[in-house]
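Colleague: First the structure, then my questions, so here it is.
The values are calculated or read from the model by the stated rules, or taken from the named source; none is laboratory data. Fair warning: this is a prediction, and the values are worked out from it, not measured in the lab. Quick reminder, even Gly has a Cβ in these numbers, built from the backbone with ideal geometry, and neighbours come from all protein chains shown. For accessibility, only protein heavy atoms count, side chains too; no ligands or nucleic acids. Shrake-Rupley method; radii C 1.70, N 1.55, O 1.52, S 1.80 Å.
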Amino acid sequence: MKIIGEVILEDKDLMQEYKELGIDYPKFYKMDGLSRLGWLATEKLLQQVGTEVLDSERTCIIMASKNACLHNNRAFEATMKDHNNYFPSPALFVYTVPNIVTGEIAIEHKLYGETAFYELNNEDELEPIVKATMATGRFKNAIVGWVEEGSGAKLRLVNDN
Amino acid sequence: MEQLEQELKARIIEALNLEEMTVEQIDSDAPLFGEGLGLDSIDSLELIMMLDKYYGIKLTDKTIAKQVLANVRTLAEYVNEHRTK
């Protein structure tokens, strides 16, 4: 695999990062923390490498983290705790699975390869998954990396060379 | 009624996490869905929950819900007439 580009984004002042990107994407405001981080890091990566390098039919997205969308899940759980004031939030419910972030990215950039978000112990565990995925020969590119809410994201665009 | 409209705008911003948006930026007559604020189906569920939580209104009829959620003015009129809290 050849690394085409890499982005490291700290999970800090993401709203400011969003403004600096100069992209108008209102859905950003509604995203949970994990999706904001993964989406922003991907946008920065694609600004760096250019979207023209992507083969939309043969680009996959593989992300992972240890805690996934735990922050959002706790927030959603909090909306259900009081049985006398029981109002589970649909907007929070939407983000109670971590692969929403990979789906958001795929939809926005019309990437039709597979998407996956793994919950792993550490970044090293992601490497064999990416290698095995690329070894299938079905993908030309992959947006891959570690996205840990509260910490940061490290994403790479790799190709099959 | 204007005060209720302002209150609803603030609740919409809070419920839908429309950071960066202010009450003043929401036009009472602008469509909430499609154009205007550009809300989606999940947002409509969130607004229905908001009506139940703060005003004791249970919107279960789809046709009525569509009319009520047309814009902030229609929402305020409905809340004013049907609120139980």
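Colleague: How many of the residues in the range B:54-85 are over 13 Å from the mean Cα position of the chain (by Cα) and surrounded by 13 or more Cβ atoms within 10 Å (Cβ to Cβ)?
Modeller: 2
Colleague: What are the pairs with Cβ atoms under 6 angstrom where one residue, in the range B:36-64, is within 9 Å of chain A (Cβ to nearest Cβ) and more than 12 Å from residue B:75 (Cβ to Cβ) and the other, located anywhere, is β-branched (Val, Ile, Thr) and not in a helix (DSSP H, G or I)? Sequence gap at least six, or different chains.
Modeller: Close Cβ pairs satisfying both conditions: B:42/A:94.
Colleague: Return the residues of the range A:95-113 that are in contact (Cβ under 8 Å) with a residue 40 or more places away in the chain and open to solvent by 40 Å² or more (accessible area, probe 1.4 Å); say none if nothing qualifies.
Modeller: A:100, A:108, A:109, A:110, A:112, listed by residue number.
Colleague: In the range B:54-83, what count of residues is obtained for those that are in a helix (DSSP H, G or I) and of a type in the set (Gly, Ala, Ser)?
Modeller: The number of residues fulfilling the criteria is 2.
Colleague: Would you please name the residue that is surrounded by the fewest Cβ atoms within 10 Å (Cβ to Cβ), looking only at residues in the range A:35-87 that are of a type in the set (S, T, N, Q) and in a loop (DSSP other than H, G, I, E, B)?
Modeller: Going through the qualifying residues, I end up with A:84.
Colleague: Take the range A:119-161 and flag every residue that is part of a helix (DSSP H, G or I) and closer than 22 Å to residue A:67 by Cβ.
Modeller: A:123, A:124, A:125, A:126, A:127, A:128, A:129, A:130 - these are the residues of the range A:119-161 that are part of a helix (DSSP H, G or I) and closer than 22 Å to residue A:67 by Cβ.
Colleague: OK, next. Give me the residue from the range B:26-53 that is among the hydroxyl-bearing types (Ser, Thr, Tyr) and either open to solvent by 60 Å² or more (accessible area, probe 1.4 Å) or not in a helix (DSSP H, G or I) (or both) and, out of that set, modelled with the lowest pLDDT.
Modeller: Checking each candidate, the answer is B:41.
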